[in-house]
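*Asks:* My questions will all concern the structure given below.
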Amino acid sequence: MSADPLTPAPVPSEPGFRNAKGEWRPPYPVRYAPLFAWPLRALDILRWLFRYPGFLWPTNLLLFAISAVSWYFTQPAVARCAHFEAGWMLQIYLRNLVMMWLFYGAYHLHLYIRKAEGTKGKYDPHWPAQDSRLFLFRDQVYDNIFWTSGVALLVWTGYEVVTLWLYANHRIPGLEWAAHPVWFVAWIFLIPLWREFHFYWVHRLIHWKPLYKHVHYLHHKNTNPNAWSGMAMHPVETILYLSVVLIHWVVPSHPFHFLFDLQHAALGPASGHHGFEGPILKGKLPTGSYFHYLHHRYFECNYGETTVPLDRWFGTFRDGLPDGAGSNLAGEHRD
Ligand SMILES: [Zn+2]
Ligand SMILES: [Zn+2]
């Protein structure tokens, strides 16, 4: 029987089970947010917007708060960015470095060093690979940290430096709160949705065989992902993935919108890849993405996220039920 993926996801409090391979599975299928359900279900949408966990919190509000704090306390004034000077560029690089280690590192410390949740809700029962020739330094976590903190961080900072320079020199359109308060707020709500739309299509693109073979294969070495796998990408993939912010070069926005968009994209993958089904921290923090884990496990499904049902519209959705029980696609992962 096929479950309706356009119904609100249950709060993941029920215990899951392990299949014959020892893989942990939630007892319910992956579902989409009700935003695009038809006929429109206004009450469900309101509930989804404000409930915990829902659209706003914890994830989007947490990322918004991080962006607001970094904007007020750590961002160089835009006027200062009119010339490429080491001072403000280094300030941004170091701020992003600290932010990345705090965010990715917190999940890693809790789940993989302290192992505070054990293997409870861990999709793959194995810990990250060690002494494996597949990974740099023969170690999956060190490999992932190299690509995430060493390489992706540079691309992240590069986008930020160039875009701030463009804002400072009025080469891209701005938007002020005082003149356009409605648009100012609308941007903030639209950014997570725009991110999903962009991610889906970029992700479909890099699954095109030549790009997969030379670029995206690197991220997919992580069939058993951990927090640091989030941005463990070939630099070409990172450039494509973070090109989500290029919309700000064309559509008028405030530099804060750009910062929120960029940090949402740069930090979000930590919770999408850490490999555990929340809630964690004694059941208090809903986190984890079974939807994206299924992509790492089965490769050719679930390219997007769970708010905008692009995978459902384009026939690439897999709900996680045993094969044949739901709207699953055929096939195990390829080599
Ligand atoms: Zn991934
Ligand atoms: Zn992929």
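*Asks:* I'd like to check something: does region 247-266 contain any residue that is within 18 Å of Tyr303 (Cα to Cα) and of a type in the set (Val, Ile, Thr)?
*Replies:* Checked region 247-266: no residue is within 18 Å of Tyr303 (Cα to Cα) and of a type in the set (Val, Ile, Thr).
*Asks:* Taking region 163-201 on its own, how many of its residues are of a type in the set (Phe, Trp, Tyr) and over 27 Å from the mean Cα position of the chain (by Cα)?
*Replies:* Count: 1.
*Asks:* Inside region 185-233, can you point out the residues that are in contact (Cβ under 8 Å) with a residue 60 or more places away in the chain and part of a loop (DSSP other than H, G, I, E, B)?
*Replies:* Of everything in region 185-233, those that are in contact (Cβ under 8 Å) with a residue 60 or more places away in the chain and part of a loop (DSSP other than H, G, I, E, B) turn out to be His207, Lys221, Asn222, Thr223, Asn224, Pro225, Asn226, Gly230, Met231, Ala232, Met233.
*Asks:* Taking region 159-173, which residues are crowded, with 17+ Cβ neighbours inside 10 Å and either closer than 30 Å to Leu49 by Cα or of a type outside the set (A, V, I, L, M) (or both)?
*Replies:* Selection gives Tyr159, Glu160, Thr163, Trp165, Tyr167.
*Asks:* Confirm whether Gly304 is within 13 Å of ligand 1 (Cβ to nearest atom) and either part of a helix (DSSP H, G or I) or over 24 Å from Ala33 (Cβ atoms) (or both). Please lay out each step first, then the result.
*Replies:* Working: within 13 Å of ligand 1 (Cβ to nearest atom): yes; either part of a helix (DSSP H, G or I) or over 24 Å from Ala33 (Cβ atoms) (or both): no.
Taking the combined requirement at face value, the residue does not satisfy it.
*Asks:* Might you check whether a residue that is touching a Ser or Thr at 6+ places or on another chain (Cβ under 8 Å), within 16 Å of Asn222 (Cα to Cα) and not aliphatic (A, V, I, L, M) occurs anywhere in region 173-182? Explain how you work it out, then say what you get.
*Replies:* Pass one, region 173-182, residues touching a Ser or Thr at 6+ places or on another chain (Cβ under 8 Å): 173-175.
Subset that is within 16 Å of Asn222 (Cα to Cα): none.
Looking through region 173-182, none of the residues is touching a Ser or Thr at 6+ places or on another chain (Cβ under 8 Å), within 16 Å of Asn222 (Cα to Cα) and not aliphatic (A, V, I, L, M).
*Asks:* Among the candidates His248, His214, His257, single out the residue that is at pLDDT 95 or above, out of contact with any helix residue (DSSP H, G or I) (no Cβ under 7 Å at 6 or more places or on another chain) and away from ligand 1 (no atom under 16 Å from the Cβ).
*Replies:* None of the other options fit; the residue is His214.
*Asks:* Looking for whichever is of a type in the set (Val, Ile, Thr), out of contact with any Ser or Thr (no Cβ under 7 Å at 6 or more places or on another chain), part of a helix (DSSP H, G or I) and touching a residue at least 60 places away in the same chain (Cβ under 8 Å) here; the options are Thr163, Thr119. Which one fits?
*Replies:* The match here is Thr163.
Yes/no per residue for (1) surrounded by 20 or more Cβ atoms within 10 Å (Cβ to Cβ); (2) away from ligand 2 (no atom under 13 Å from the Cβ); (3) within 16 Å of the chain's Cα centre (by Cα):
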site	(1), (2), (3)
Trp208	no, no, no
Pro225	yes, no, yes
Leu242	yes, yes, yes
Ile247	no, yes, no
Ser253	yes, yes, no
Phe258	yes, yes, no
Asp261	yes, yes, yes
His273	yes, no, yes
Leu281	no, yes, no
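*Asks:* Search region 283-319 for residues being of a type in the set (D, E, K, R) and touching a residue at least 24 places away in the same chain (Cβ under 8 Å), and hand back the single one that is surrounded by the most Cβ atoms within 10 Å (Cβ to Cβ).
*Replies:* Step one: of region 283-319, the residues of a type in the set (D, E, K, R) are 284, 297, 300, 305, 311-312, 318-319.
Imposing the further condition that a residue be touching a residue at least 24 places away in the same chain (Cβ under 8 Å) reduces the set to 297, 300, 305, 311-312, 318-319.
Numbers: Arg297: 20, Glu300: 14, Glu305: 24, Asp311: 27, Arg312: 16, Arg318: 23, Asp319: 24.
The extreme case among them is Asp311.
*Asks:* Here's something else I'd like to know. Looking at region 174-206, which of the residues that are aliphatic (A, V, I, L, M) and within 13 Å of ligand 2 (Cβ to nearest atom) is surrounded by the fewest Cβ atoms within 10 Å (Cβ to Cβ)?
*Replies:* Leu205
*Asks:* Let me ask something else. When the residues of region 132-145 are filtered to those that are in contact (Cβ under 8 Å) with a residue 40 or more places away in the chain and not acidic (Asp, Glu), which remaining residue is surrounded by the fewest Cβ atoms within 10 Å (Cβ to Cβ)? Walk me through it before giving the result.
*Replies:* Just the residues of region 132-145 that are in contact (Cβ under 8 Å) with a residue 40 or more places away in the chain, to begin with: 134-135, 140-141, 143-145.
Cutting the leftovers down to not acidic (Asp, Glu) gives us 134-135, 140-141, 144-145.
On the way: Leu134: 11, Phe135: 21, Gln140: 24, Val141: 21, Asn144: 28, Ile145: 23.
Going through the qualifying residues, I end up with Leu134.
*Asks:* Determine whether Pro269 is at pLDDT 90 or above, more than 16 Å from ligand 2 (Cβ to nearest atom) and within 21 Å of the chain's Cα centre (by Cα).
*Replies:* When the stated conditions are applied, Pro269 does not pass them.
The values are calculated or read from the model by the stated rules, or taken from the named source; none is laboratory data. As the structure is a computational prediction, the values presented were derived from the model and not from experiment. Glycine gets a Cβ as well: all are built from the backbone with ideal geometry, and neighbour counts include every protein chain shown.
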